[in-house]
Amino acid sequence: MLFDARHLRWVDPNGMVALLLAGSIAGEASGTFPHIELPDNQDVLGYLSRMGFHDQAHRVFEFDALPRRGASRPSDVLLEITAIDTNHDVHEIVDRVQARAGAILTSKLGYPAASVIPFSVMLSEVCQNIIEHAEGQGWVAAQAYNWAKRLGRFVIVISVMDRGRGFKGSLGGEHSARYGDRWSDSTALEAAFLHGLTRFTDPGRGQGLQQIRKQVRKWSGLISVRSGTARISQVPEWDDSPPMVDGMAQLPGAQIGIILPALVQL
Amino acid sequence: MRQGPDPIAIDVGEVLQRSVTSLYSSLVTRPTGRAVRMAIETQLQGAGTLSISLIDFSEVGIIDFSCADEVVAKLLQQYLADDARDAFFVFRGVREPHQPQVEGVLRRQELAAVVEVEPERFTLVGSFSEDEQRVWDHLETEGSLDTDAIERIAVQVQDARALESLLARGLAFRSPQSGRIHALSRLVAHLM
């Protein structure tokens, strides 16, 4: 199988992480690593390299050896693509992000200096979602962009994807009977996203997504969760995405996307 | 002979490094929180059946909701449900960035805790009624209430109920010997 990325002109964390997910699913189905043709565009290739795509792609794809590059410049990346397999990975992500996020959150987004802590907490919770609920391989990446045309300000884009059992699969055993025929990807997403249900009976569980939503709302951000054939979103005033979309192409596992915009100076 | 609860000081930052790994500086992930809680419980087992612990978060950089649930909410729940032991807790060093996590997990389970939010400034955090807040504020200002003061409070039925509720929820301590009711902050003052 071939993944042809030669003509790729632009890619963000969602695209990179989705490529890895697609490659890992294709590889598992065929029993061999799929081949990926990397972008011809040197800027895109360099950006993928800075985002750590090649390091992770070795676990998923086979591809031709990359030409040696000169001394690398200091990284401008908020969080390189990072595999999440264990809780140790979450600790490393939180430590790494704390060291980098402060400057980006304050200078590009205009958030207060202390916002690095809720930002790190949010990342911790969103990554733990993979380990605790998906029980499958996952990746996270984050980067800041200037959305000059779309929004007229900087944003931080966070993407988390896993190839676990998805929200419907995770919650099914505990909650599907109550929903009867209505049990689906969309009702499972509503149950987790809006009502904080989890497969655990422990009332302390299920806070992660709720608290992430609360923090994203506080920063006027967008959060969406896609799983199976549905996607649910908490939509800020600057976006016009529908809060629920059903009948999408099947996505094994889950994708959580967060966009945090710069504060608007009044 | 000891009249009050056994005092215990627990530095969560130190427990984190000792019980999980010295590489971790943040209190994140549920297994980490669970390991820290179990280490705290081991320390508490060395105390008598009546104890008051100062749980100090001053050296913790980040605490997430999963860890706050394990280290704060589950710890409180466990000892509130334990008939054999009376354990009281005061949480120290819960700086502003930690407060949403601690408050969030307490409210979710309708718990409350005495928390030092700034040096020597204590407050109730979590889920509590206005009556409980008012009576707790009075107790915190006074430091302790003798039987005469308690009787004066008892004139107002809702205040009497609130005081009993604070005692039942582990937010105030009544000496079994004197009947005097103490603010928890005063019982841990010598540990700070």
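The values are calculated or read from the model by the stated rules, or taken from the named source; none is laboratory data. Treat the numbers as computed from the prediction; the structure is a model and nothing was measured. Note: ideal-geometry Cβ built from the backbone for every residue, glycine included; neighbour counts use all protein chains shown.
What the table shows:
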{"item": "Selected residue [free of Cβ contacts under 8 Å to residues at least 24 places away in the same chain and either in contact with a strand residue (DSSP E or B) (Cβ under 7 Å, 6 or more places away or on another chain) or not in a strand (DSSP E or B) (or both)] from A:117, A:130, A:93", "result": "A:117"}
{"item": "Residue A:26 vs. criteria closer than 17 Å to residue A:137 by Cβ and within 17 Å of the chain's Cα centre (by Cα)", "result": "no"}
{"item": "Total residues in the stretch B:137-167, condition hydrophobic (A, V, I, L, M, F, W, C) and closer than 15 Å to residue B:187 by Cα", "result": "3"}
{"item": "Whichever residue in the stretch A:194-216 is of a type in the set (D, E, K, R) and within 13 Å of residue B:66 (Cα to Cα) and, among such residues, is surrounded by the fewest Cβ atoms within 10 Å (Cβ to Cβ)", "result": "A:202"}
{"item": "Answer residue from the stretch A:82-119, given it is among the small types (Gly, Ala, Ser), over 19 Å from the mean Cα position of the chain (by Cα) and crowded, with 16+ Cβ neighbours inside 10 Å and is farthest from the other protein chains (Cβ to nearest Cβ) among those", "result": "A:102"}
{"item": "Verdict on residue B:107 being farther than 15 Å from residue B:187 by Cα and away from chain A (no Cβ under 14 Å)", "result": "no"}
{"item": "Scan of the stretch B:56-87 for residues that are charged (D, E, K, R) and either away from chain A (no Cβ under 13 Å) or touching a Ser or Thr at 6+ places or on another chain (Cβ under 7 Å) (or both), ordered by number", "result": "B:56, B:59, B:64, B:82, B:83, B:85, B:86"}
{"item": "Subset of the stretch B:11-58 [among the hydrophobic types (A, V, I, L, M, F, W, C) and over 18 Å from the mean Cα position of the chain (by Cα)]", "result": "B:16, B:20, B:23, B:27, B:28, B:35"}
{"item": "Residue in the stretch A:66-80 that is touching a Phe, Trp or Tyr at 6+ places or on another chain (Cβ under 9 Å) and surrounded by 20 or more Cβ atoms within 10 Å (Cβ to Cβ) present", "result": "yes"}
{"item": "Strands (runs of 3 or more DSSP E) within the stretch B:81-192 that include 2 or more residues closer than 30 Å to residue A:205 by Cβ", "result": "B:86-92, B:112-118, B:121-126"}
{"item": "Criterion (within 14 Å of another protein chain (Cβ to nearest Cβ) and modelled with pLDDT of 85 or more) met by exactly one of B:21, B:32", "result": "B:32"}
{"item": "Residue list for the stretch A:17-60, filter: among the β-branched types (Val, Ile, Thr) and part of a helix (DSSP H, G or I)", "result": "A:17, A:25, A:44"}
{"item": "Helices (runs of 4 or more DSSP H) contained entirely in the stretch A:139-221, each with at least 3 residues that are of a type in the set (A, V, I, L, M, F, W, C) and within 14 Å of chain B (Cβ to nearest Cβ)", "result": "A:207-218"}
